[in-house]
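S.K.: Take this structure, written in C-alpha cells, and hold onto it; I'll ask about it next.
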Amino acid sequence: MVGIASMRLKPVLTLLATTAIVLSACSSAATAAPSQAAATAAPSQAAASAAAGGGSITFGSNESDKVPKAAVAALVDYCSKQTGINTTINTTDHNTFQNQISSYLQGKPEDIAKWFAGHRLRFFADAGLLTPISDVWDKISANYSDAFKTASTGNDGKQYLVPLYNYPWVVLYRPSLFKEKGYTVPKTIDEFITLAKKMQADGLVPLAFGDKDGWPAMGTFDILNMRMNGYKFHIDLLNGKEKWTDPRVKAVFQKWAELLPYFQQGALGRTWQQAAQTMYSKKAGMYFLGTFANQQAPTPADLADTDYFIFPTLGTQYDSENAIDAPIDGLMLTKAPSNLDAAKKFLECAASGPAQAAYVKIDGSIAAAKDADTSFYTPLQSKAQQIIAASGSIAQFLDRDARSDFAGPQGMQNFLAQFLNNPKQDLGKLLSNIQAYYDTLPPEK
Amino acid sequence: MGAPAGPVSAGQAGAPARSRRRSHFSVLTRSDRITLAAMVAVPTFLIVFFILLPTLLSIILSLSSWNGIGGLDQIHWVGLTNYYNLVVNYQSFWPAVAHNVIWLIFFLCIATPLGMFLAVLLDKEIRGTRFYQSALFLPVVLSLAIVGFIWQLIYAPDDGILNQVLHTTSTDKGFIDWLGNPSLNLWAVLVAASWRQVGYVMVLYLAGLKAVDPSLREAAAIDGASERQTFFQVVFPVMRPINIVILVITIIESLRAFDLAFIINKGINGLELLSILVTNNIIGESPEIGFGSAIAVVLLLVAVGPIILYLSRALQEEEQ
C-alpha cells in the first residue's frame, strides 16, 4: 500500500519520533554529548602529502577519546600513505555514534565506519545497510584466523567487517600486592575462593566491581555461563535458540550468588572506573574486566605494576574449551560508498599487519592480523595476546552477541541489576521474566 | 503601500473606494490584515506542525511495530499489542508510573512549599538577602546534567563526600549505597532535583511578592492582622496568578523529570521514569519506535489530565 509516498513521509515520521523524545525529555538529555560530539572533520595530514590519483574516501570514527582517537589517526595516516587515498576522518562521540547508528547508516554515512563484530554487525548486514566485502576477504583471509572470519560474517555467509584488533576480558591484579602478601595466581575456582577469603582476612575487597553503567556485570555472566555450559550454549542462549528458563542458566546465577560475597558490594552505584581505582589503590585485590581497565592506572608505574590472569576454571567439562570474551572492533563498508574501489583498497590496507600495528601501538589492544609486528608489545599486550591465543572459543560480549534491545537498559542491564540487588531472590521468577521480555521483542526482520 | 502613520489612525486613513468594496473590513487596512493573518497563521502553523501533528503521529505509531529501518512498508500494524505489553508484560512500566507520581508529590509537598517559604523569608529584607538569593538561585543556573554530576560526586559509594562524612563507605559496616540501592536512590535523586526546584520556585515567588501592592499589607496591619493572617488571607489570595504558574511548573517539572535519573544509570534499578522509558525505547541501535510511542502516549494522557482539570475550573470561574 505504500510506495514512493512512504519514502517522502519517512522523514516526517522520524521527526515525530524525535519530537516525542524532545517533548518528554525536554532538556539536556542529549546535551551531555554535543560538546564532545561536535563532529570534527579534519583531513588526514598524511593524506595531503600522499600521491594524487588514489581517490578520496571518508571515514566515520566513534573513537572520541584521546587515546583511541590518536590510534585511528595513526592507522588512517598509514593507509593513506600506502594507498595514496585521501581519507577524511569524521569523529563522533562514542555513545552518540552508537545511539544514532541506525539513522546514521540510513542517512549519508561516511564510506567506511568503525564498528563491532557479532550480532551488532549481522543486524545491520541483514537490514541491507552495509556493503558485503567478500571480495576483500578473498585477498585478506590468509591474514586472519577462522575465528575472526566467522565474527565478520553475516547471516547470508558474506563478510562485512575487517577486524582491526581485540582485547580479552581478564582478571587484573597488582603483582606487587600479590608479592607483598604472598598470594599466588589462582587457577581453579577453589583456589580463587581460598585466595578471596585470605584477602578478606587481610582487610581487602577480593574482587573490585562496579556496574553503574549496566554492562560490566554482563562480563561476569558471560564467563560463568561459558565455563559452566560451554560456548555453544552461551551463544545459542543469547540468540534465542535456548531459553533463559533452562535450569542450566539458573545454575549460573546460583554460582554467581555463591561468589558474590567476594565481589565489592554496592556495585550498582559504582562506575567501572571507580572500581578500577579501588584496585589501583590496593583496596581491592583483583578486578575482572576488559584489559582496557588498565587505562585507569594513575601513573605509568602503576600500569607497569599491573598483570592479568585468565578467569579460573570451574571444574566442568568446558574447562578445556577455555572460552572467553574478547570483543573485536573493525571497519565496515557502508551501503553506498562514494568511491567503492578506493574504499575496498583502503580496507585491504587496514587488514595488513603494519596498519594494525600502528593502531595497537597507541591504544594497547591486540592486533587481529597474523602478520602484525608484535615485537614492540608491552608485557601486558603480550600477556593479553597469550590469553587470547590460549582460548578455544571467543565470544564478543553479551551486548554484542545478543540483540541490542535485549541487552540494553530495559533488558539485561535491568535484569542483572535486579539480580545483584537481591541475589537470594526467586531466580526462577527472574529468569522467566527475562524470557518473557525476550518473547515480547518484535522479530528483528 | 504607503504605510499609515500609526495603528490608531490606520482605520480612518483607508481609501473610501476600497472600504466600500469590502465594507465589513472597513476598519482594517491591508497591512493590518497581513499582520493579523501572520499572527494567526504563524502560531497555527507552529502548533499544527510541531505539536498536533507529532502528537497524532505518535498515537498512530503507537499501534505499530517498527525498528526505524527501511521505509514505511517495514511498519507492521499490531493494534493495541504495544499497550497490552506495556501494562501486562513490561516490568519497568508500573515502577515508572509510581516514580513519576512520587516525584510529583515530593515536589508539591516539599520542594515547592520550601521554595515559597524561602521567598517569603527573603522578602523580609533580612540582612544579606541578596547573598541568600544568589546562593539559592545558583543551582537553577546550572543545567541538570551538571547538577547530576555534582550530586553523583556527593553520593559516590567509596569516595563520595557524604559516605566519607558518615563513615558509611562500602568497606564500613553500615554501608549506604545512595545511587545503587533501588529503594533509596529515588529519594537521593529527589533531594538533588529539589536543590534546583527550590531555587526556581523561590525566584518566581519572590518576584510575585515584590509585585504585591504594599498598601494591602499596610491596610491589613492597620486592621490588626498578624503576619500569618496577612500572608494567608491577604497576600496569598492576591498572588493567585503566580500560584497557578508555580503549580503548573511543578507539575510540568515532575512529568518531564528525566535528566538526573538518566545521567545516573539510564533510568534502571529504581530510577525508572516514563520519559526515560520513551527515550530508551526510541533511541538506540535497534529502536522500538512503536512501543516507545505507546509510552509517550501514556505520558501525554497523564499530562493532559491536569491541564483539562485546570482549564475546566478556570472556565467555570469565568462563567460565574
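S.K.: Here is a list of conditions, (1) more than 9 Å from chain A (Cβ to nearest Cβ); (2) in contact (Cβ under 8 Å) with a residue 12 or more places away in the chain; (3) closer than 30 Å to A:Val205 by Cβ, and B:Phe137 meets all of them except one; can you say which number that is?
M.R.: Only one criterion is unmet by B:Phe137, namely (3).
S.K.: Is it fair to say A:Lys179 is modelled with pLDDT of 95 or more, touching a Pro at 6+ places or on another chain (Cβ under 9 Å) and either more than 14 Å from chain B (Cβ to nearest Cβ) or surrounded by fewer than 24 Cβ atoms within 10 Å (Cβ to Cβ) (or both)? First the steps, then the outcome.
M.R.: On the way: modelled with pLDDT of 95 or more: yes; touching a Pro at 6+ places or on another chain (Cβ under 9 Å): no; either more than 14 Å from chain B (Cβ to nearest Cβ) or surrounded by fewer than 24 Cβ atoms within 10 Å (Cβ to Cβ) (or both): yes.
So A:Lys179 does not fit the description; no.
S.K.: Output the qualifying pairs, or none if there are none: Cβ atoms under 7 angstrom, residues six or more apart or on different chains, first residue in the stretch A:99-112 and more than 10 Å from chain B (Cβ to nearest Cβ), second residue at pLDDT 90 or above and part of a helix (DSSP H, G or I).
M.R.: Going by the 7 Å Cβ cut-off, the qualifying pairs are A:Asp111/A:Ala343; A:Ile112/A:Ala343; A:Ile112/A:Phe346; A:Ile112/A:Leu347.
S.K.: Going residue by residue through the stretch A:205-221, is there one that turns out to be buried (at least 22 other Cβ atoms within 10 Å of the Cβ) and hydroxyl-bearing (Ser, Thr, Tyr)?
M.R.: Yes, that holds for at least one residue.
S.K.: Next question. Can you tell me which residue is farthest from the other protein chains (Cβ to nearest Cβ) among those in the stretch B:252-299 that are buried (at least 24 other Cβ atoms within 10 Å of the Cβ) and among the aromatic types (Phe, Trp, Tyr)?
M.R.: By that ranking, first place goes to B:Phe291.
S.K.: Of the conditions (1) surrounded by fewer than 23 Cβ atoms within 10 Å (Cβ to Cβ); (2) without any contact (Cβ under 8 Å) to a residue 60 or more places away in the chain; (3) among the polar types (S, T, N, Q), A:Gln264 satisfies every one except a single condition; which number is it?
M.R.: A:Gln264 satisfies every listed condition except (1).
S.K.: Among (1) touching a residue at least 40 places away in the same chain (Cβ under 8 Å); (2) surrounded by 13 or more Cβ atoms within 10 Å (Cβ to Cβ), which single condition is B:Ser183 missing?
M.R.: Looking at each condition in turn, B:Ser183 falls short on (2).
S.K.: Of everything in the stretch A:237-277 that's of a type in the set (Gly, Ala, Ser) and not in a helix (DSSP H, G or I), which residue is farthest from A:Pro175 (Cα to Cα)?
M.R.: A:Gly240
S.K.: Continuing with the same structure: Return the only residue of A:Phe253, A:Phe292 being away from chain B (no Cβ under 14 Å) and within 20 Å of the chain's Cα centre (by Cα).
M.R.: On the way: A:Phe253 fails: within 20 Å of the chain's Cα centre (by Cα).
Step by step, each of A:Phe253, A:Phe292 is checked, and only A:Phe292 is away from chain B (no Cβ under 14 Å) and within 20 Å of the chain's Cα centre (by Cα).
S.K.: Okay, moving on. For the stretch A:409-427, state whether one or more residues are on the phi < 0 side of the Ramachandran plot, under 17 Å from the mean Cα position of the chain (by Cα) and of a type in the set (D, E, K, R).
M.R.: If we filter the stretch A:409-427 for residues that are on the phi < 0 side of the Ramachandran plot, which is where we start, we get A:409-427.
Subset that is under 17 Å from the mean Cα position of the chain (by Cα): A:409, A:412-413.
From what's left, of a type in the set (D, E, K, R): none.
Looking through the stretch A:409-427, none of the residues is on the phi < 0 side of the Ramachandran plot, under 17 Å from the mean Cα position of the chain (by Cα) and of a type in the set (D, E, K, R).
S.K.: Pick from B:Ala135, B:Ala156, B:Ala193: which is loosely packed, with under 14 Cβ neighbours inside 10 Å and modelled with pLDDT under 95?
M.R.: On the way: B:Ala156 fails: loosely packed, with under 14 Cβ neighbours inside 10 Å; B:Ala193 fails: loosely packed, with under 14 Cβ neighbours inside 10 Å.
Testing whether each residue is loosely packed, with under 14 Cβ neighbours inside 10 Å and modelled with pLDDT under 95 leaves just B:Ala135.
S.K.: Further question: Name the residues in the stretch A:278-307 that are crowded, with 22+ Cβ neighbours inside 10 Å, of a type in the set (Gly, Ala, Ser) and either outside any strand (DSSP E or B) or touching a Lys or Arg at 6+ places or on another chain (Cβ under 7 Å) (or both), would you?
M.R.: Within the stretch A:278-307, A:Ala293 is the sole residue that qualifies.
S.K.: Before we move on, is A:Ala297 over 30 Å from A:Ser432 (Cα atoms) and not basic (Lys, Arg)?
M.R.: Values: over 30 Å from A:Ser432 (Cα atoms): yes; not basic (Lys, Arg): yes.
It is true that A:Ala297 is over 30 Å from A:Ser432 (Cα atoms) and not basic (Lys, Arg).
Every residue, every condition in (1) modelled with pLDDT of 90 or more; (2) within 29 Å of B:Gly284 (Cα to Cα), yes or no:
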{"site": "B:Gly68", "(1), (2)": "no, yes"}
{"site": "B:Leu72", "(1), (2)": "no, yes"}
{"site": "B:Ile110", "(1), (2)": "yes, no"}
{"site": "B:Leu179", "(1), (2)": "yes, yes"}
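S.K.: I'd like the full set of residues that are surrounded by fewer than 17 Cβ atoms within 10 Å (Cβ to Cβ), in contact (Cβ under 8 Å) with a residue 60 or more places away in the chain and closer than 23 Å to A:Leu331 by Cα, limited to the stretch A:363-392.
M.R.: Residues satisfying the conditions are A:Lys370, A:Asp371.
S.K.: What about A:Asn166, is it over 26 Å from B:Ile268 (Cα atoms), in contact with a helix residue (DSSP H, G or I) (Cβ under 9 Å, 6 or more places away or on another chain) and surrounded by 15 or more Cβ atoms within 10 Å (Cβ to Cβ)?
M.R.: Numbers: over 26 Å from B:Ile268 (Cα atoms): yes; in contact with a helix residue (DSSP H, G or I) (Cβ under 9 Å, 6 or more places away or on another chain): yes; surrounded by 15 or more Cβ atoms within 10 Å (Cβ to Cβ): yes.
Answer is yes for this residue.
S.K.: Restricted to the stretch A:393-409, and to residues that are away from chain B (no Cβ under 14 Å) and small (Gly, Ala, Ser), which residue is surrounded by the fewest Cβ atoms within 10 Å (Cβ to Cβ)?
M.R.: Looking at the filtered set, the residue picked out is A:Ser393.
S.K.: Which count do you get for residues in the stretch A:64-100 that are β-branched (Val, Ile, Thr), in contact with a strand residue (DSSP E or B) (Cβ under 9 Å, 6 or more places away or on another chain) and within 26 Å of A:Gln295 (Cα to Cα)?
M.R.: Restricting attention to the stretch A:64-100, the residues satisfying the condition of being β-branched (Val, Ile, Thr) are A:67, A:72, A:76, A:83, A:85, A:87-89, A:91-92, A:96.
If we keep only those that are in contact with a strand residue (DSSP E or B) (Cβ under 9 Å, 6 or more places away or on another chain) too, we end up with A:72, A:76, A:85, A:87-89, A:91-92.
Filter once more, so that each one left must be within 26 Å of A:Gln295 (Cα to Cα): A:72, A:76, A:89, A:91-92.
Of the residues in that region, 5 qualify.
S.K.: Being in contact (Cβ under 8 Å) with a residue 60 or more places away in the chain and surrounded by fewer than 17 Cβ atoms within 10 Å (Cβ to Cβ) is true for just one of B:Ile222, B:Ile244, B:Ile249. Which residue is that?
M.R.: None of the others qualify; the one that does is B:Ile244.
S.K.: Another question, then. Return the pair list, or none, for Cβ contacts closer than 6 Å from residues in the stretch B:77-90 that are facing chain A (nearest Cβ under 10 Å) to residues that are buried (at least 18 other Cβ atoms within 10 Å of the Cβ), at least 6 apart or on different chains.
M.R.: B:Val78/B:Ser65; B:Asn82/B:Ser62; B:Asn82/B:Gly290; B:Asn82/B:Phe291; B:Asn82/B:Ala294; B:Leu86/B:Phe93; B:Leu86/B:Ala294
S.K.: Can I ask one more? Which of the residues spanning the stretch A:347-356 are more than 10 Å from A:Tyr78 (Cα to Cα) and in a helix (DSSP H, G or I)?
M.R.: Applying the first criterion (more than 10 Å from A:Tyr78 (Cα to Cα)) to the stretch A:347-356 yields A:347-348, A:351-353.
Of everything in the stretch A:347-356, those that are more than 10 Å from A:Tyr78 (Cα to Cα) and in a helix (DSSP H, G or I) turn out to be A:Leu347, A:Glu348, A:Gly353.
S.K.: Separate question: Would you call A:Tyr160 assigned by TED's automatic domain parsing to the domain that holds A:Cys79, of a type in the set (Ser, Thr, Tyr) and in contact with a Ser or Thr (Cβ under 9 Å, 6 or more places away or on another chain)?
M.R.: Values: assigned by TED's automatic domain parsing to the domain that holds A:Cys79: yes; of a type in the set (Ser, Thr, Tyr): yes; in contact with a Ser or Thr (Cβ under 9 Å, 6 or more places away or on another chain): yes.
Yes, satisfied.
S.K.: So A:Ala125 passes all but one of these: (1) away from every other protein chain (no Cβ under 14 Å); (2) small (Gly, Ala, Ser); (3) under 19 Å from A:Glu444 (Cβ atoms). Which condition number does it fail?
M.R.: (1)
S.K.: Right, next: Out of the residues in the stretch A:103-139 meeting the condition of being of a type in the set (Ser, Thr, Tyr) and out of contact with any Leu (no Cβ under 8 Å at 6 or more places or on another chain), tell me which one is surrounded by the most Cβ atoms within 10 Å (Cβ to Cβ).
M.R.: Narrowing the stretch A:103-139 to residues of a type in the set (Ser, Thr, Tyr): A:103-104, A:131, A:134.
Subset that is out of contact with any Leu (no Cβ under 8 Å at 6 or more places or on another chain): A:103-104, A:134.
Details: A:Ser103: 16, A:Tyr104: 20, A:Ser134: 15.
Among those residues, the one meeting the criterion is A:Tyr104.
S.K.: Let me ask something else about it. If only one of B:Leu61, B:Leu108, B:Leu53, B:Leu104 is in contact (Cβ under 8 Å) with a residue 40 or more places away in the chain, under 29 Å from the mean Cα position of the chain (by Cα), surrounded by 14 or more Cβ atoms within 10 Å (Cβ to Cβ) and within 10 Å of chain A (Cβ to nearest Cβ), which one is it?
M.R.: Details: B:Leu108 fails: within 10 Å of chain A (Cβ to nearest Cβ); B:Leu53 fails: in contact (Cβ under 8 Å) with a residue 40 or more places away in the chain; B:Leu104 fails: within 10 Å of chain A (Cβ to nearest Cβ).
Answer to the check: B:Leu61.
S.K.: Given the criteria aromatic (Phe, Trp, Tyr) and within 14 Å of chain B (Cβ to nearest Cβ), does A:Phe209 qualify?
M.R.: Details: aromatic (Phe, Trp, Tyr): yes; within 14 Å of chain B (Cβ to nearest Cβ): yes.
Against the criterion (aromatic (Phe, Trp, Tyr) and within 14 Å of chain B (Cβ to nearest Cβ)), A:Phe209 qualifies.
S.K.: Taking the stretch A:419-429 on its own, how many of its residues are crowded, with 19+ Cβ neighbours inside 10 Å and at the interface with another protein chain (Cβ under 10 Å from one of its Cβ atoms)?
M.R.: 1
S.K.: Among the listed residues A:Asp319, A:Asp405, identify the single one that is among the charged types (D, E, K, R), over 21 Å from A:Pro216 (Cα atoms) and in the same structural domain as A:Leu224 (by TED's automatic domain parsing).
M.R.: Numbers: A:Asp405 fails: over 21 Å from A:Pro216 (Cα atoms).
So the residue among A:Asp319, A:Asp405 that is among the charged types (D, E, K, R), over 21 Å from A:Pro216 (Cα atoms) and in the same structural domain as A:Leu224 (by TED's automatic domain parsing) is A:Asp319.
The values are calculated or read from the model by the stated rules, or taken from the named source; none is laboratory data. Everything quoted here is computed from the prediction, not taken from an experiment. Ideal geometry is used to build each Cβ from the backbone, glycine not excepted, and the neighbour counts take in all protein chains shown.
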